[in-house]
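Engineer: Pasting a structure here, questions to come.
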Amino acid sequence: MPFWRKRLGLELNDTLLKLVQVKQRHKSLEVQKVVAHPFPSIWSEDGIFIEEAGLIETIREALAGHKFASKKVHVAIHSRHVYIQKHQIPIMKKRKRKEWIQENLIPTLGLPVRNVTFDWYVIKRLDLEELDEIMLVIAAKEYVNKLVRIIEKCGLEPISLEVSALGLHRWLTHQMKDLSNHYLSIHVALNGVELSCFKDGELQDVSFVALEAPSFRHHFDQPPRDPLEPIMKDESEIEAYGKQLLEEMGPILSIWQKVLQWEPTQWVLTGDAIDLKQMQSYLETQVGGKEMVIGPANRSVLSQTVKEQASQWLGNAFSVPIGLLLKERSDK
């Protein structure tokens, strides 16, 4: 007899906490709780949390009054904090891979940080060459330890840490029948945009464009009471934002096209902070030969209770933390 599982997914960026509780059995899922809570921008600098005590206190306030089925939580780490690379390594038993990568591969990469932690998965086996092609994901150990420590001090127990692009990809593949085999995800947040490139279900590369949405506002009103409400809805503001985004994306996409020898045919918009519908319309007028789509809304998987209470601006803002809880890879 199959059992339901209740699990927590957390996306924590510079300006917003997003936490979900999902009830799941096989491919069926129901979101039973959503929590969105803003952070003052003064608590982070260039993506690094610099005011730990205040941040912890705010997270505790956000979680107060909520009862969760578990303290164990799956956590997203954003692309600005990771290095993603493909490598070919000798075929070996799974238990030996970590030690081999640590001793033979990591020291040769010329990373800007010395003390790192890493994860990997096998993309494919090259039998003739007796090699495995792997995707290697690397992060500064200091940042990872600080993120885990903050979450633990808030009463939660991180049990996995995964690149946000992979959580988003699982949500898109779970919900979109027409998702292209060659697509670019554009995940928008208040302080920047995360770009992720996928081919045949495999992550190819990620990049982060620092783009402060508030700086494109014509009028600096009080922040909206609903943290999910877009701060930009004006057409001229979104056009200015979109123009700058395309300028920043240009060199990144050119490098990817040169290295990967292909380019995505579909661009998928997700996230919060701006009116995605208007952003889609603007991009369609500026970029030819691409299908512009907005990622599927999260409302379709909400419980009835959550639907009645959820923000009207929910959109697809919780795609990453929900996606973290979908089927995980097991091919290490």
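Engineer: For the stretch 284-315, enumerate the residues that are farther than 20 Å from A273 by Cα and not in a helix (DSSP H, G or I).
Structural biologist: V287, G288, G289, K290, E291, L302, S303
Engineer: A follow-up question, please. Name the pairs: first residue in the stretch 4-17 and under 17 Å from H81 (Cα atoms), second residue among the charged types (D, E, K, R), Cβ to Cβ under 6 Å, at least 6 apart or on different chains?
Structural biologist: E11/K18
Engineer: Ok, one more. Those residues that are at pLDDT 95 or above, within 18 Å of V259 (Cα to Cα) and not aliphatic (A, V, I, L, M), I need them from the stretch 188-206; list them, please.
Structural biologist: Within the stretch 188-206, S196, C197, F198 qualify.
Engineer: So, G47, is that one under 21 Å from V116 (Cβ atoms) and at pLDDT below 90 or not?
Structural biologist: Values: under 21 Å from V116 (Cβ atoms): yes; at pLDDT below 90: yes.
For G47, the condition - under 21 Å from V116 (Cβ atoms) and at pLDDT below 90 - is met.
Engineer: Here's another thing I want to ask about it. Looking at S160, S180, S185, can you tell me which residue is under 16 Å from the mean Cα position of the chain (by Cα) and closer than 22 Å to W256 by Cα? Before you say what the answer is, go through the steps one by one.
Structural biologist: On the way: S160 fails: closer than 22 Å to W256 by Cα; S180 fails: under 16 Å from the mean Cα position of the chain (by Cα).
Among S160, S180, S185, only S185 is under 16 Å from the mean Cα position of the chain (by Cα) and closer than 22 Å to W256 by Cα.
One line per residue, one yes/no per condition, for (1) in contact with a helix residue (DSSP H, G or I) (Cβ under 6 Å, 6 or more places away or on another chain); (2) in contact (Cβ under 8 Å) with a residue 24 or more places away in the chain:
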{"site": "R97", "(1), (2)": "no, yes"}
{"site": "Q102", "(1), (2)": "no, no"}
{"site": "T108", "(1), (2)": "no, no"}
{"site": "L111", "(1), (2)": "no, yes"}
{"site": "N115", "(1), (2)": "yes, yes"}
{"site": "I134", "(1), (2)": "no, yes"}
{"site": "A139", "(1), (2)": "yes, yes"}
{"site": "Y143", "(1), (2)": "yes, yes"}
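Engineer: Going by the conditions given, is Q32 over 24 Å from A273 (Cα atoms), in contact (Cβ under 8 Å) with a residue 12 or more places away in the chain and either of a type in the set (D, E) or not in a loop (DSSP other than H, G, I, E, B) (or both)? Break it down into steps so the answer makes sense when it comes.
Structural biologist: Values: over 24 Å from A273 (Cα atoms): no; in contact (Cβ under 8 Å) with a residue 12 or more places away in the chain: yes; either of a type in the set (D, E) or not in a loop (DSSP other than H, G, I, E, B) (or both): yes.
Spelling it out, it is not the case that Q32 is over 24 Å from A273 (Cα atoms), in contact (Cβ under 8 Å) with a residue 12 or more places away in the chain and either of a type in the set (D, E) or not in a loop (DSSP other than H, G, I, E, B) (or both).
The values are calculated or read from the model by the stated rules, or taken from the named source; none is laboratory data. Predicted model, so just to flag it, every value in this text is computed and none were measured. Note: ideal-geometry Cβ built from the backbone for every residue, glycine included; neighbour counts use all protein chains shown.
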